[in-house]
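The values are calculated or read from the model by the stated rules, or taken from the named source; none is laboratory data. Small disclaimer: the values here were computed from a predicted structure and weren't measured. Here the Cβ positions follow ideal geometry from the backbone for every residue, glycine too, while neighbour counts run over all protein chains shown. These accessible areas exclude ligands, DNA and RNA; they are computed on the full protein's heavy atoms, side chains included. Shrake-Rupley method; radii C 1.70, N 1.55, O 1.52, S 1.80 Å.
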Amino acid sequence: MGTYVVFTKLTPQGRKNLHADPDRLRVVTQQAEKLGAKVVQQYATIGQYDFVTVIEAPDNAAVQGIGAEISGLGTVKLTTFPAIKMDRFEQLLKMEPYRTEPHHWQTSFWARAVRRIGRQWVITRHVNKYCKPLTVEGRENLKDHKGGAIVIANHSSHMDSPVVLSALPERIRGKVLLAAAADKFYASRRKRHWFYSLFHSTFPVHRGGGVKQLEYPMSLLRRGWSIIIYPEGGRSKTGQIQRFKAGPAIMAMQGKVPVIPIYIEGLREVMPKGQREPRPGPVFARIGRPVSLEGVTSVSEATAMLENAMRELAGLPPHRASAPAAAAAAPAAAPAQAGGGGA
Amino acid sequence: MATYIMLSTLTDEGRKTLKERPERLQEVNREIEAMGARVTQQYAVLGGYDFINILEAPDNETVARISVELGSRGTVVLTTLPALPVDAFTQMLKGK
């Protein structure tokens, strides 16, 4: 949903109508709501406009449609401004430029070889040092799995990725890449983008989604690669599983690959969000049975299935029906909300 | 309290300040509060203006004072529209 500010000027005809029937205003509001907009606030003003209305609508096209419909009545002249809420605008101002283009060489033969040699030093060394011990359960669930998959994990620590990489069997680990938040890991001031792409198996994902975000991961899936993605988006501060974004389900459905859930426990004590230096402790990684989304038609249903598979691994009760977050990502709105990755 | 809608357009100087110190936005809101008004809603917009602010202020004079104070810094050009919630407006038209 986007916010828009609409300035309205009445035409002479509109003025006449309003005078004859002041309730006309409410009828127009109701009509806009029927067309998919939500009126948040509305004021009558003195000055160059007669009314100022703050509305919420799905996207620019929807607003244009509504505008055409309403100004077609000949009673008003509209001027519409797409608006950004102030706190979000401040975030945008502070955001640094970042790289969004993946390093395409990262799937080449030599990159895979170098990554494999470097793994001991970049990944395994740290896992052995801080996860005392790392217990991996459920490897047998992947016995029959072949080809690409979407690997999803709960996310509460920067150590999650090394643990997931360590938990996966070599035949998946050798051909897997990890969706990482572009603004964090690929910010322009960081100089070692290539290092992440090579040794940490990451590729940049722009937070907030968009159809374009799916291009690279979809091409990976088509080539038999797997993708690790954290469906909660960012790291959880509380350690509880947050609502899933729609991106992973969309990718799995479009790429016709299964989803492998991994639940990680203990890393919150080892290295929670905001802590730089890990404290060694026991860590568990529980691999679930691959979830097939074949035959599932709606993104919200698929997302709910993934959420419940993860909750089951965590020993939590499933969410009832398709809860609000999943429902909000209904098919029509899905492309705009895709993505959802980010380490 | 009455409602006012304040449309602001940044000058070149204002744009520079915003880029260098984004937190300035919050400071302005606090200054407005210090002058007796309150910003209830605020949006950055694309189009003919840069920001749209909805203010609550006791009267026109307060708003005039705020406009002069903020405008005198040369960072924004303000246009203020006195506003009435639409329900109140409808009631008024009906003569109640």
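The number of residues in the stretch A:89-111 that are surrounded by fewer than 14 Cβ atoms within 10 Å (Cβ to Cβ) and over 19 Å from A:ALA187 (Cα atoms) comes to 4.
The set of residues in the stretch B:1-30 that are within 11 Å of chain A (Cβ to nearest Cβ), open to solvent by less than 30 Å² (accessible area, probe 1.4 Å) and closer than 16 Å to A:MET86 by Cβ comprises B:ILE5, B:MET6, B:LEU7, B:LEU18, B:PRO22, B:LEU25, B:ASN29. Taking (1) facing chain A (nearest Cβ under 7 Å); (2) in contact (Cβ under 8 Å) with a residue 60 or more places away in the chain in turn, B:VAL77 satisfies each apart from (1). Among the residues of the stretch A:182-197, just one is farther than 15 Å from A:GLU101 by Cβ and either modelled with pLDDT of 90 or more or not basic (Lys, Arg) (or both), namely A:PHE195. Cβ-Cβ distances below 9 Å connect the following pairs, each with a first residue in the stretch A:292-318 that is farther than 17 Å from A:TYR230 by Cα, a second residue that is of a type in the set (Phe, Trp, Tyr), and a separation of six or more residues or different chains: A:GLY315/A:TYR263.
If we scan the stretch B:31-46, do we find a residue that is away from every other protein chain (no Cβ under 14 Å), open to solvent by less than 20 Å² (accessible area, probe 1.4 Å) and under 29 Å from A:MET95 (Cβ atoms)? No, the stretch B:31-46 contains no residue that is away from every other protein chain (no Cβ under 14 Å), open to solvent by less than 20 Å² (accessible area, probe 1.4 Å) and under 29 Å from A:MET95 (Cβ atoms). A:PHE109 fails exactly one of the following numbered conditions: (1) modelled with pLDDT of 85 or more; (2) under 25 Å from B:GLY48 (Cβ atoms). What is the number of that condition? Condition (2) is where A:PHE109 drops out. I'd like to know if the stretch A:89-109 contains one or more residues that are part of a strand (DSSP E or B), among the aromatic types (Phe, Trp, Tyr) and more than 14 Å from chain B (Cβ to nearest Cβ). Among the residues of the stretch A:89-109, at least one is part of a strand (DSSP E or B), among the aromatic types (Phe, Trp, Tyr) and more than 14 Å from chain B (Cβ to nearest Cβ), which makes the answer yes. Looking across the stretch A:269-286 at every residue that is over 22 Å from the mean Cα position of the chain (by Cα) and basic (Lys, Arg), the one that is surrounded by the fewest Cβ atoms within 10 Å (Cβ to Cβ) is identified as A:ARG276. For the stretch A:33-84, a residue qualifies if it is polar (S, T, N, Q) and open to solvent by 30 Å² or more (accessible area, probe 1.4 Å), and the qualifying residues are A:GLN41, A:GLN42, A:GLN48, A:ASN60, A:GLN64, A:SER71, A:THR79, A:THR80. In the stretch B:47-63, the condition of being open to solvent by 30 Å² or more (accessible area, probe 1.4 Å), within 11 Å of chain A (Cβ to nearest Cβ) and more than 21 Å from A:GLN48 (Cβ to Cβ) is met by no residue.
Among residues of the stretch A:254-271 that are of a type in the set (Asp, Glu), those with a beta-carbon under 9 Å from a residue that is buried (at least 22 other Cβ atoms within 10 Å of the Cβ) and part of a loop (DSSP other than H, G, I, E, B) at least six positions away or on a different chain give the pairs A:GLU265/A:ASN154.
Those strands (runs of 3 or more DSSP E) of the stretch A:140-244 in which at least 2 residues are closer than 19 Å to A:ALA113 by Cα, considering only elements entirely within it, cover A:176-181, A:202-205, A:226-229. Listed conditions (1) under 25 Å from A:ILE262 (Cα atoms); (2) in contact with a Pro (Cβ under 9 Å, 6 or more places away or on another chain); (3) loosely packed, with under 13 Cβ neighbours inside 10 Å are all met by A:GLN120, apart from (2).
Every condition in (1) modelled with pLDDT under 80; (2) open to solvent by 70 Å² or more (accessible area, probe 1.4 Å) is met by A:ARG289 except one, and the failing one is (1). Number of residues in the stretch B:67-77 that are closer than 16 Å to B:ARG15 by Cβ and open to solvent by 40 Å² or more (accessible area, probe 1.4 Å) equals 2.
Considering each residue of the stretch A:152-174 in turn, none proves to be in contact (Cβ under 8 Å) with a residue 12 or more places away in the chain, surrounded by fewer than 21 Cβ atoms within 10 Å (Cβ to Cβ) and hydrophobic (A, V, I, L, M, F, W, C).
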